[in-house]
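Right, one structure below, let's go through it.
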Amino acid sequence: MDRAQLPSLALLVTVAKRLSFRAAARELGLSPSSLSHAVADLEDRLNLRLLQRTTRSVTLTEVGRRLLTRVEPALLEISDALEEAHSQESHPTGVLRLTLPSLGAEMFMVPLMPAFHRIYPEVTLDLVVDDHLVDIVAEGFDAGIRLGEFLDQDMIALPLGGPLRSVVVAAPSYLTSHPAPVTPDDLAGHLCIGRRFANGAPYRWEFAKDGRALTVSVPSRLILNDSRLVLDAALAGAGLAYCVETRTLPHLASGALVRVLDDWCPTYPGFFLYYPSRRHQRPALRAFIDFVRDHFGKQSFPQLGCDAVPEPGAE
């Protein structure tokens, strides 16, 4: 069967119900002439006379009546299926898949999940915590959370939680035998706890002061691929560590860690919720975006272009 005939069959059903091209055209929002041509074209393609037309009336031929007896229930079934699908998707429900790094999960998702589920109990959040950069379209994710510097240019992005800051910290036990660095150049004489990205590249520490920005490939005798382990190693006195400030605050407050090079550590734009398109969004995703926007403010970038790409930072 030529599936292109289905719309024409639906038009034929309306004409048969009204027994008038003019009345059927009003119902369908078409002109009588375009409706008449569509039905005539269907008859030509089927090589069947389905309607008997006179200047005053329209009636079904016998073959037209038999055809509609079979076709109309099938068209109604299709219509009911489409209406049911629309009804199911008219409110937030189902599984929402998000990819995000561990820090993004700690800072945003874990605190927000209870409130989100109270409002949307039929939505399941399937969170894949992974520091690898992921193509959310190819991998089947609805959305993701990443630092702005790692987002593709064609993503729609909503900023979360404001700027971040990375700091250099060490345990007091380490600093008793190693004088605190005064400038990033002093790191060459220190034990630095290195970090390796998920793609295998070592992370270079980033600094800025008085308009001068630089990145430093620090000397490392310990390299880790997990930012939480980097912090644990610093707490154990293994050396200097470059960490997102948020994770260090309790340890700084307790005295378990000490800041160094603090005047060289600027802020940078932080995390974004990102997704590929506003068109045909599932209600679950739309609800999640609105929920996040309500918590973090109304500002959002239409997409990350050259004017919206954040400065480099550390994830």
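With PRO172, PRO179, PRO163 as the choices, which residue is farther than 24 Å from LEU100 by Cβ and in contact with a strand residue (DSSP E or B) (Cβ under 7 Å, 6 or more places away or on another chain)?
The unique qualifying residue is PRO172.
Filter the stretch 125-152 down to the residues that are in contact with a helix residue (DSSP H, G or I) (Cβ under 9 Å, 6 or more places away or on another chain) and either free of Cβ contacts under 8 Å to residues at least 40 places away in the same chain or of a type in the set (A, V, I, L, M) (or both) and list them by number. Break it down into steps so the answer makes sense when it comes.
Initially, the stretch 125-152 is screened for residues in contact with a helix residue (DSSP H, G or I) (Cβ under 9 Å, 6 or more places away or on another chain), giving 125, 127, 129-131, 133, 142-147.
Hits for the stretch 125-152 are LEU125, LEU127, VAL129, LEU133, ALA143, ILE145, LEU147.
Taking the options ALA236, ALA253, ALA241, name whichever one is at pLDDT 95 or above, over 29 Å from the mean Cα position of the chain (by Cα) and farther than 25 Å from PHE108 by Cα. Lay out the reasoning, then the answer.
Working: ALA253 fails: farther than 25 Å from PHE108 by Cα; ALA241 fails: farther than 25 Å from PHE108 by Cα.
Answer to the check: ALA236.
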Pairs, first of a type in the set (Val, Ile, Thr) in the stretch 218-240, second assigned to a helix (DSSP H, G or I), C-beta under 7 Å, six or more apart: VAL218/LEU187
Index of the failed condition, PHE272 passing every other in (1) open to solvent by less than 50 Å² (accessible area, probe 1.4 Å); (2) out of contact with any Pro (no Cβ under 8 Å at 6 or more places or on another chain): (2)
Count of the stretch 33-50 residues which are closer than 15 Å to ALA10 by Cβ and not in a helix (DSSP H, G or I): 1
Residue match in the stretch 62-78 (condition: modelled with pLDDT of 85 or more and outside any helix (DSSP H, G or I)): no
Answer from SER20, SER102, SER90 - the residue that is modelled with pLDDT under 90 and more than 30 Å from ASP294 (Cβ to Cβ): SER20
Any hit, the stretch 205-215, residues being closer than 20 Å to LEU164 by Cα, among the basic types (Lys, Arg) and surrounded by 13 or more Cβ atoms within 10 Å (Cβ to Cβ): yes
Strands (runs of 3 or more DSSP E) contained in the stretch 119-172 and holding at least 2 residues open to solvent by 50 Å² or more (accessible area, probe 1.4 Å) and either basic (Lys, Arg) or under 27 Å from THR246 (Cα atoms) (or both): 123-129
Matching residues, the stretch 173-199, being loosely packed, with under 15 Cβ neighbours inside 10 Å, among the aliphatic types (A, V, I, L, M) and under 41 Å from the mean Cα position of the chain (by Cα): ALA188, ALA198
Conditions (1) surrounded by 11 or more Cβ atoms within 10 Å (Cβ to Cβ); (2) at pLDDT below 90; (3) in a loop (DSSP other than H, G, I, E, B); number of the one not met by THR55: (1)
Test for ARG247: is it open to solvent by 60 Å² or more (accessible area, probe 1.4 Å) and not aliphatic (A, V, I, L, M): no
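The values are calculated or read from the model by the stated rules, or taken from the named source; none is laboratory data. Owing to the predicted nature of the structure, the values given are computational and were not obtained by experimental measurement. Neighbour counts are summed over all protein chains in view; Cβ atoms, including those assigned to glycine, are modelled from backbone coordinates with ideal geometry. Surface accessibility is based on the protein's heavy atoms, side chains included, excluding ligands, DNA and RNA. Shrake-Rupley method; radii C 1.70, N 1.55, O 1.52, S 1.80 Å.
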